[in-house]
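The structure appears right after this line, and notes come after that.
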Amino acid sequence: LWLLRNDVCPDKLTWIMPRDSWLIDRATLQPGPTFVRQFRESYGATLEAIGAATSTDDLFDRLETAGTLLRIDPSVRPSMYRCATVSHLELEQLRRIPDIVR
């Protein structure tokens, strides 16, 4: 993100990403009055997903459907979860990098 913010062309970047990771939507964790409603909704959706999930994959699918978790590339299923947190704007910027080595 730092490189993109400093006007490095995304086409000049190569992102080495051995494994895709699930990302947390920053708005679901952000403190402050602006985000209270979204935090409550996300927390409720997370509890529902945990209660209803039949497997780990099902849990992550439910959390993604609820908008709690995001992924860089919608066509690649993430294989790890490390609590990385991004905003939707940051995710849009990351998706501008076309050269990803997996």
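The values are calculated or read from the model by the stated rules, or taken from the named source; none is laboratory data. What you are looking at is a predicted structure, and each value in this text was computed from that prediction instead of being measured. Heads up, the Cβs are rebuilt from the backbone with ideal geometry, glycines too, and the neighbour counts pull from every protein chain shown.
Just a few scattered comments:
- In region 35-79, the qualifying residues are those that are of a type in the set (S, T, N, Q) and part of a loop (DSSP other than H, G, I, E, B), and the one that is surrounded by the most Cβ atoms within 10 Å (Cβ to Cβ) is Thr68.
- Some residue of region 1-10 being among the aromatic types (Phe, Trp, Tyr), out of contact with any helix residue (DSSP H, G or I) (no Cβ under 9 Å at 6 or more places or on another chain) and at pLDDT 95 or above: yes
- Residue match in region 80-97 (condition: among the aliphatic types (A, V, I, L, M), modelled with pLDDT of 95 or more, over 29 Å from Val8 (Cβ atoms) and not in a helix (DSSP H, G or I)): no
- Members of region 48-102 found to be farther than 19 Å from Ala27 by Cα and of a type in the set (Ser, Thr, Tyr), listed by number: Thr54, Ser55, Thr56, Ser75, Ser79
- Condition check for Pro31: of a type outside the set (Phe, Trp, Tyr) and over 19 Å from Arg102 (Cβ atoms): yes
- Qualifying residue in region 8-22 (condition: loosely packed, with under 14 Cβ neighbours inside 10 Å, of a type in the set (A, V, I, L, M), without any contact (Cβ under 8 Å) to a residue 40 or more places away in the chain and in a helix (DSSP H, G or I)): no
- Check on Pro31, loosely packed, with under 14 Cβ neighbours inside 10 Å and either modelled with pLDDT under 95 or assigned to a loop (DSSP other than H, G, I, E, B) (or both): yes
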